[in-house]
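The values are calculated or read from the model by the stated rules, or taken from the named source; none is laboratory data. Being a predicted model, the structure only gives us computed values, none of them experimental. Cβ placement follows ideal geometry from the backbone for every residue including glycine, while neighbour counts extend to all protein chains displayed. Remember, those area values only see protein heavy atoms, side chains included, never the ligands or the DNA or RNA. Shrake-Rupley method; radii C 1.70, N 1.55, O 1.52, S 1.80 Å.
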Amino acid sequence: MIEELEFAQELIDFIYESPTAFHAVDTVKKRLHHCGFIEVREDETWNLKKGGKYFVTKNDSAIAAFILGIGNLEESGFKIIGAHTDSPTFRIKPAPEMISEGNYIRLNTEVYGGPILNTWLDRPLGVAGRITVRSENILYPETKLVNIKRPILIIPNLAIHMNREINKGIELNPQRDTLPLLAHVNERLEAGNYLLNEIAKELKVDVSSIIDFDLYLYEYEKGSIIGLTNEFISSGRLDDLAMVHAGLEALLRVTATQSTNVLIAFDNEEIGSRTKQGGDSPFLSTVLERILISQGKGREEFFRSLAKSFMISADLAHAVHPNMGEKHDPVNRPILNKGPVIKISAKQSYTTDSNSDAVYEEICKKAGVPVQKFVNRSDLAGGSTIGPISSTHLAIRSVDMGTPILAMHSVRELGGVLDHTYVTASFEEFYKL
Ligand SMILES: [Zn+2]
């Protein structure tokens, strides 16, 4: 249990260092660099060696890391784990400061993805993201990551005395009810530029050089291990940084095999994946094809290698809620700390079929890891993930799975300590095949 607890704490640290997709990629990059992976760039020729370890990023918010296999690519194919770097949150709009009651400064925000809005109320919030700064070449402005590591925002609730019906459920309007409070109007601050001034100070740049930004809110408080015997992980962004972390750690534990091991973490899953750095883009297929090109292979070998490939689409799964068990399928009922969950859907909103299910079940068995299954109640729609979207670009065998959690898309989700070790062990077994 000590090892599992330490590993769960590593996950909490990883998530804390990754408040946005940009920071998640940066955190992964640092770890890869530290472990001998070499960065290759999209605009350069890739000179790759068999057995070599590499990574490439897209838009600073998606990343693909791989260990080039020692076998023939067309015979051994790719073993891919896919996950996503983004999580539901709020995005800060342009010219965001809005004065209220002549005294308060609020930030104008837009909802990103599908957060459970009320979980964001009364929480100390931070701001992080990417700033785009003027450079000498107009086509290539400079980008800088920023994370104001202070709780500078909060979205206050309305008192129960002003809405006696509040506990019967409340509709929150994202333009009216969820704008975070930043500060009191203050003559010492430059009107209209409160946030950017703070960011310029943080980054030590001139505020006039900041042209635009991709800034998001995040829960300031760090995640923690909870439960009477330390069995649970309470943290924001477990979806899907828990899978990014598990995939990364598994990749770092293995050496080159016959086939090429790939970890890909896309951005923008929470808003439908239709971006150049999302799952509904050519990013993954381009990376795979360029790996073949680097080895002097052509399209024929590319298609042959795909036929020999397998993908684990890793995104979190719903455990049965202890208070609301009726929301689940009557038979298949995943429980926290009982192992990874294979996700199955008749609509194929998950890619799993009996063939890919069998592959992953056998991997878990070989790794000594228990495995569970999830299907939606037949009268509930459920969610989807990167698996089916990725399959429309790369027609390879694929299973959808994930760690079971409760409160998915809450500002603070709940996972199991043991599950993180289980899932990572199954990924390591997969990469070792
Ligand atoms: Zn997800």
Please list the non-local residues whose amide H lies under 5 Å from the amide H of Leu153, H modeled 1.01 Å from N, same-chain partners needing a gap of 5 or more. Leu125
Karplus couplings for region 137-151 from phi (6.51 cos²θ - 1.76 cosθ + 1.60, θ = phi - 60°), rounded to Hz, Gly and Pro as x? 9, 4, 5, 10, x, 8, 10, 9, 7, 9, 9, 7, 7, 9, x
Cα extents of region 89-219 per principal axis, largest first, Å, are 57, 35, 22
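Can you give the helix-only mean residue ellipticity at 222 nm for the chain, where every DSSP H stretch with n ≥ 4 adds -39500 (n - 2.57) and the sum goes over all residues, rounded to the nearest 500 deg cm²/dmol?
That comes out to -8000 deg cm²/dmol.
Among the listed pairs Lys58/Lys308; Lys58/Lys201; Lys338/Lys366, which have their C-alpha atoms separated by more than 19 angstrom in this model? The partial results should precede the final answer.
On the way: Lys58/Lys308 26 Å; Lys58/Lys201 28 Å; Lys338/Lys366 16 Å.
Distance filter (> 19 Å) returns Lys58/Lys308; Lys58/Lys201.
Below 8 Å, C-alpha to C-alpha, sequence gap of six or more: please give me the relative contact order for the chain in percent. Don't skip to the answer; put the middle values down first.
Values: 937 pairs, mean separation 100.7, N = 433.
Across the chain, relative contact order equals 23 percent.
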Name the trypsin sites (Lys or Arg not before Pro) in region 1-91 that are in a loop by DSSP and that have at most 15 other C-beta atoms within 10 Å, would you? Arg41, Lys49, Lys50
Karplus-derived 3J(HN,Hα) from phi for region 155-162 (6.51 cos²θ - 1.76 cosθ + 1.60, θ = phi - 60°), whole Hz, x at Gly and Pro, runs 10, x, 6, 8, 4, 4, 5, 9
Using square roots of five times the C-alpha gyration tensor eigenvalues, list the equivalent-ellipsoid semi-axes of the chain in whole Å, biggest first. 37, 29, 18
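When ligands, DNA and RNA are left out and all protein chains stay put, how many square angstrom of accessible area per residue does the chain have with a 1.4 Å probe?
Values: 19660 Å² over 433 residues.
Spelled out: the 1.4 Å probe surface of the chain, per residue, equals 45 Å².
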Given H placed 1.01 Å from N in the peptide plane, which residues other than close sequence neighbours of Phe374 have an amide H under 5 Å from its amide H? Ile342, Lys343, Ile344
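Of all the accessible heavy-atom surface of the chain, with the other protein chains kept in place and a 1.4 Å probe, what percent is carbon and sulfur?
Working: 10070 of 19660 Å².
Roughly 51 percent, rounded to a whole number.
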Taking region 130-211, which trypsin sites (Lys or Arg not before Pro) meet the DSSP loop condition and have no more than 12 other C-beta atoms within 10 Å? Arg164, Arg176, Arg188, Lys204
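For a quick check of your reading of the filter: which GluC sites (Glu not before Pro) in region 107-213 sit in a DSSP loop and have no more than 10 other Cβ atoms within 10 Å? Display every interim value, and only then the final one.
Working: sites: Glu110, Glu136, Glu142, Glu165, Glu171, Glu187, Glu190, Glu198, Glu202; in loops: Glu136, Glu165, Glu171, Glu187, Glu190.
Here the sparse-neighbourhood loop sites are Glu136, Glu165, Glu171, Glu187.
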